[in-house]
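Contents: one structure, followed by commentary.
The values are calculated or read from the model by the stated rules, or taken from the named source; none is laboratory data. Predicted model only: the values in this text are computed from it and were never measured. With ideal geometry, Cβ positions are generated from the backbone for all residues, glycine too; neighbour counts draw on all protein chains shown. Note: areas computed on protein heavy atoms with side chains; ligands, DNA, RNA excluded. Shrake-Rupley method; radii C 1.70, N 1.55, O 1.52, S 1.80 Å.
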Amino acid sequence: MFVLETGTEIPVVAPSGADGVLGLVWLVIALPLLGAAVLLLGGRLTDRWGHWLGTAMPVGSFVISLLMFVDLQGRDEEDRQVVKHLYDWIHVGGLRVDMDLLYDPLAALFLLLITGVGSLIHVYSIGYMEHDPRRRRFFGYLNLFVAAMLMLILSENYLGLFLGWEGVGLASYLLIGFWQHKHSAAQAAKKAFVINRVGDMGMVTAIFLAFTLFGSTSFTEISQRAGGASETAMTVLGILLLVGACGKSAQVPLQAWLLDAMEGPTPVSALIHAATMVTAGVYLIVRSNFVFDRAPDAQTAVVVVAVVSILWGAAIGCAKDDIKKALAGSTMSQIGYMMLGAGLGPAGYAFAIFHLLTHGFFKANMFLGAGSVMHGMDDDVDMRHYGLLQKAMPVTFLTFAMGYLAIIGFPGFSGFWSKDKIIEAAIADNWVVGVAAMLGAGVTGFYMTRLMLMTFFSQKRWRKGVHPHESPQVMTIPLIVLAALSVLGGGLLLGNWIIDWLTPVVGEEPEHDLPIPALAITLLVLLVVAAGVATAVALFQRQRVPEVAPTEVSFVTRAARAELYGNEINEGLVVGPGRRLVSGLLVFDRSGADGLFMGGGATVGALGDVLRKVQTGYVRSYALSVLIGVVLVAAAMLAVQL
Amino acid sequence: MTEYVVLSSILFTIGAVGVLVRRNAIVVFMCVELMLNASNLALVAFAKQHGNLEGQVAAFFVMVVAAAEVVVGLAIIMTIFRSRRSASVDDASLLKF
Amino acid sequence: MIAFWTLAPLMVLAALGILFVRKAVHAALLLAVVMISLAILYADLDAPFLFAVQIIVYTGAILMLFLFVLMLVGVDSADSVVETIKGQRVLATVGGLLLGLILVISLSQLTLGTATGLDDANEGGNIPALANLVFSRFVFAFEVTSALLITAAVGAMVLAHRERLTPKQTQADLAAKRVRDFADKGAHLGPLPAPGVYARHNAVDTPALLPDGTAAESSVSRVLAARGTVRSAPAMAHDIEDLKRQLGVDTAARPGVTGTSGAAASTTEDVPAEHGKHDEGATS
C-alpha cells in the first residue's frame, strides 16, 4: 500500500459482493429511470398523475437509500464497500467494462443527498410548476436527471461515471432550456451544453489515459495499480480530471455557463445547479483520490482553481441584482470551497464532502426560498423590486434566514462547521490559500446579507399590481425540512462521525500543525464575516436601495456585474480566434481545396468538350477507329516479329 | 496451306472495308458475314494443316452464332426501318453528345 | 489446287464487287457467289460436313433471310454514292490497304510445311468424327448454343412484333363508314366506276368517259395517276389517227373524231410526258 510522506495511507477500493438489502442498489437508479421513461414516453396520457409518479420515484429511491445506509452502518468498517455486478457492458478486445455499481460510504452520503433533497424539490415542484402546461414533461426530465446523477455516483468505473456525467449534462440542458420559447433560455441551455462539452473532452481524455495506463477504467483496478504509474502520468491524469470537474462544477475557467443556467425553472436551479450536479466535479476529485494523492502538482492546480473560483463567484454574488444570479455566484464560490477541500488531499476530502452536504441543504433551501419569493412577486427576479417581504412571507423568510445563517457560517449552523473546517485545513496547508478562503468567507457574509436585506428588509419597492403572498404548503413544507437540515447539518461532524465514516474511501486524515490555535482561526473567520455583514447592513439597511441599479459605479462593481468579464474572456480567447480560424479555413477551402478540385473538374470538363466532337454518332466512324487500331496492333506485332 | 490463309485475310480486309464504306445497313451486315466467312476459311485450313478437327468444330460454332446474330440483327434493322423509313446506318446517329 | 486457283480470283472479285455495286440485291448475289465458292473450298479442305452446312445454312438460310429483309425494305433501294462523312472513304481505303498489306506480307512469309492432312482424323467419316468432338469435348458449348438460338428467336419475335393500337375494322364498320361519308360529304355510295374499256387493250390505265365526254377520275387507280401512266381519251384518239394513217384509212370519212383534242378538252389529266415512248412500247 502506497504511503504518503505525511504518513497517510492511500486506500484502495476493494469491494465485496453486494448482498441483502444492498443488492437492491440497482433499484435506486431504476426507479427514477422508470419514472422518466413512463413520463416521457407516456405522453399526454400521464398528464393527470404524472407529477405524483415523478415524485414517488425519487421518494422510493430515498427509502431504499436509507435502508441501505442503515445496513451499511451496521457493518464493520472493512466491509463497507460493496459492488453489485449488473451485467457485462462492453467486452471488446482488451477493453472490459462492466455495469457495476459501487456502494460505499461516499456513495451512501451522496445517495441520501440526491434522493432526499431531490424528493423535497420534486414535492416543491408540484406546487411551483402547477400552472405550467408542460409540468408532466418537467417531472420526466427531473426524474431523468435523478437517475443519471445516481448512475454517476454509483458507477464502479469511469465509463459508467461518464454515462451518468453526460446524462446529467443532458438533463441540465433540457431543464435550463425548459422554457425554450424564451430566446434567453434556449441560448443559456446551448451555452451550458457547449461549455460542458469542453470539460467533457478533459474527462474523456482522462478515461482514455486511464485505460492506456492501467488497462481498465474500474476504480478498483486503477486504485490497486495506481502505485505503479509515474507521478507525471498521474499529474496529467489529475489535470484532465480537473478540466472535467471544472466544466461540470462551473469553476474558473469554465464557469461562464452557471449564471445563464438560472434561466431554468427555480427547482432546477436548486436541484441541479446548486445541490447536486454542479458538485459532481467535487465528487469526481474525491472519488479519484488515488490519483490526486499521487500527483501533488495536480492538487496544487485544484487549489488554485478553487481559490480563484471562490473569489470570482463571491465578486459576482456581490454585484448581481437578480436574486437567482446572486445565488448562482454564491454557488460557484461555495463549490470553490469544496474544491479547495478536495485539493488539500486527505486533510480536506472529508470536509469537502461535508461542506458539499451542508451546502446542498442550505443552498437548495435558499434557492427554493428564492423561488417562493418569485412565486409571490409574479416571477420578478430583480431584488431591487423586493424589500420588506418578511411580513408578507413569514415562512419563506424564516426558512431563508436559516439558510442565510448557515451559509455565512453563523456559529452552530451547519455552514459554520463545514466552512470553518476547510479554512482551517487550508491554513494548515498554505497560509496564502487560507487567507484567501477567509476573505471569501467575509465577502460571503457581505453578499448574503445584501441579498437578505434587499429581499426581506429595507423598504418596500414592489411594482404596481404585485401582491406578495405566502406560497402553498406543498412548497413551504420542503422549505421547512431543508431549513431544519441547514440548521442541524453540522451534526454530521459530531464526534468526527463524517470523518470516520469516509476514512475507508478517502484515507485517514493526517495530523497537521496549525500556525495558530484552531479557536483563534474560528474567531478570526467570525470577525471577517461580521465585518462583511456590517458593511452590508451599513450600505443596504441604513440607506435607501435605489430601484434602478445606479450606473455611476466604480470599475470594480462594473466588472463584477459583468461577471468579471468571463464571457468576454471566452469570446476573446476562444470564440473569436475560433471564428477567425474557421473563416480562414473557409477561405482556404473555397480558394485552395475547391480551386484544386473544381479546377480539376473544369479541366476535365473542358477536355471533354473538345473530345466530344469525336463522338459523331456515326457507327462507321467508330468502326474506322477500330480498324485503325487493328492496323496499329498488327503493325506493332509485325514490327516485333521482324 | 499458306495461300488459303492469305485468301482468308484478303477476304477479311475486303469485308472490313465494306463495313466502313457501305451505308445500307443490310450491305454492312453482309460485309460482316463476309468477314466471318473469311475467318472460317482460315479455321478450316488450319484444321487440315494440323490434322485435327477442332478447327472445323470452331467453324461450325461460328456458323451457328452467325445465324443467331443475323436473325437478331435483321430484326433490329427492320425495326429501325419501320420507324425511320431508312436503312442507312448514318441516319441512326443520335447516340452522341 | 486447281479448285483453289480457279475460285480464289473469283471470290476476291465477287467480294470487291460487294464494295462497289449500288443495289443491295446485287451485293447479296455476289455474296452468294463467295459463299458457294467457300463451300467448294471446304470440300477441298476435307470438310464435307461444313461444305454441306455452308450451302444449306449460309447460302440457303442466312442469305435468303437477307433477301427477305431486302424485299421488305425495298428491293429497288440503292445506296447513294456520295460519301457524307468527311474523309471516311479515303481513310477506310488507306486503312484497308494497310491492313491487307500487313496481313498478306506477314502471312505469306509463313512456312507451314506439308499439311498433316485429315485422313487419320476423318478415318471413320468426317461427320462421326465431328460428332464425337461436338458431343464430348464441346458439349457444353453446344448446349449453350441452344440457349443462344432460342434467345435469338425470341428476340427477333419481340423486335418484329407490332402492337395494334386501334381496334381492327370489320366489314360492318367499313359499310357503316361508307354510308356515314355519303350522309356527311355526299361521297359516292356504290362501287367505283370501272375504267374505260377500249378494243385495243384491257385499259385499266384509261379512265372511263362520263356522258358529257369528260374522264371519270375515280375509275383509274390513284397509283397509276401518281406514276403518270394514265392515258386519256384524246391520246387514244391520237393513236387511232396514227393507226388509220398506217392502214391507209381515209380520215375524212369520219369527221366526228378528227384529230384535234376539242372533244376531250375538259379532261383534266395532262397527257403523260413519255407518252410517245410508251406508245412505241405498246405498239411494237
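Here is how the numbers come out for the structure above:
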{"quantity": "Lone unmet requirement of (1) hydroxyl-bearing (S, T, Y); (2) buried (at least 24 other Cβ atoms within 10 Å of the Cβ); (3) out of contact with any Phe, Trp or Tyr (no Cβ under 7 Å at 6 or more places or on another chain) for A:Y87", "calculated": "(2)"}
{"quantity": "Residue, farthest from the other protein chains (Cβ to nearest Cβ), within the range A:618-634, restricted to residues that are open to solvent by less than 40 Å² (accessible area, probe 1.4 Å) and out of contact with any Asp or Glu (no Cβ under 9 Å at 6 or more places or on another chain)", "calculated": "A:G629"}
{"quantity": "Answer from A:T603, A:T557 - the residue that is part of a helix (DSSP H, G or I), open to solvent by 70 Å² or more (accessible area, probe 1.4 Å) and more than 14 Å from chain B (Cβ to nearest Cβ)", "calculated": "A:T603"}
{"quantity": "Unique residue being in contact with a Ser or Thr (Cβ under 9 Å, 6 or more places away or on another chain) and either within 30 Å of A:H181 (Cβ to Cβ) or free of Cβ contacts under 8 Å to residues at least 40 places away in the same chain (or both) when the list is A:I310, A:I272", "calculated": "A:I272"}
{"quantity": "Condition broken by C:L210, with the remaining ones in (1) modelled with pLDDT of 75 or more; (2) under 34 Å from the mean Cα position of the chain (by Cα); (3) of a type outside the set (K, R) satisfied", "calculated": "(2)"}
{"quantity": "Identity of the residue in the range B:47-89, surrounded by fewer than 19 Cβ atoms within 10 Å (Cβ to Cβ) and outside any helix (DSSP H, G or I), that ends up nearest to the other protein chains (Cβ to nearest Cβ)", "calculated": "B:G51"}
{"quantity": "Helices (runs of 4 or more DSSP H) wholly inside the range C:97-207 containing at least 1 residues that are within 12 Å of chain B (Cβ to nearest Cβ)", "calculated": "C:126-134, C:139-160"}
{"quantity": "Which listed residue, of A:V395, A:V373, A:V381, is open to solvent by less than 10 Å² (accessible area, probe 1.4 Å), touching a residue at least 40 places away in the same chain (Cβ under 8 Å), more than 16 Å from A:G465 (Cβ to Cβ) and not polar (S, T, N, Q)", "calculated": "A:V373"}
{"quantity": "Residue, farthest from A:A634 (Cα to Cα), within the range B:5-28, restricted to residues that are more than 7 Å from chain C (Cβ to nearest Cβ) and touching a residue at least 40 places away in the same chain (Cβ under 8 Å)", "calculated": "B:A25"}
{"quantity": "Candidates A:A192, A:A186, filtered to the one that is among the aliphatic types (A, V, I, L, M), more than 16 Å from A:L237 (Cα to Cα) and surrounded by fewer than 19 Cβ atoms within 10 Å (Cβ to Cβ)", "calculated": "A:A186"}
{"quantity": "Residue match in the range A:415-422 (condition: assigned by TED's automatic domain parsing to the domain that holds A:K363, touching a Phe, Trp or Tyr at 6+ places or on another chain (Cβ under 9 Å) and polar (S, T, N, Q))", "calculated": "yes"}
{"quantity": "Residue ID - modelled with the lowest pLDDT, chosen from residues in the range A:206-249 that are under 18 Å from A:A298 (Cα atoms) and outside any helix (DSSP H, G or I)", "calculated": "A:A229"}
{"quantity": "Filtered residues of the range B:33-57 (kept if under 30 Å from C:V21 (Cα atoms) and touching a Gly at 6+ places or on another chain (Cβ under 7 Å))", "calculated": "B:L34, B:M35, B:A38, B:L43, B:V44"}
{"quantity": "Residues of the range A:195-224 satisfying the condition of being more than 24 Å from the chain's Cα centre (by Cα) and surrounded by fewer than 17 Cβ atoms within 10 Å (Cβ to Cβ)", "calculated": "A:T212, A:G215"}
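Quick grid of which residues meet (1) open to solvent by 20 Å² or more (accessible area, probe 1.4 Å); (2) assigned to a helix (DSSP H, G or I); (3) among the polar types (S, T, N, Q):
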{"position": "C:L29", "(1), (2), (3)": "yes, yes, no"}
{"position": "C:M35", "(1), (2), (3)": "no, yes, no"}
{"position": "C:F49", "(1), (2), (3)": "yes, yes, no"}
{"position": "C:Q54", "(1), (2), (3)": "no, yes, yes"}
{"position": "C:L63", "(1), (2), (3)": "no, yes, no"}
{"position": "C:V82", "(1), (2), (3)": "yes, no, no"}
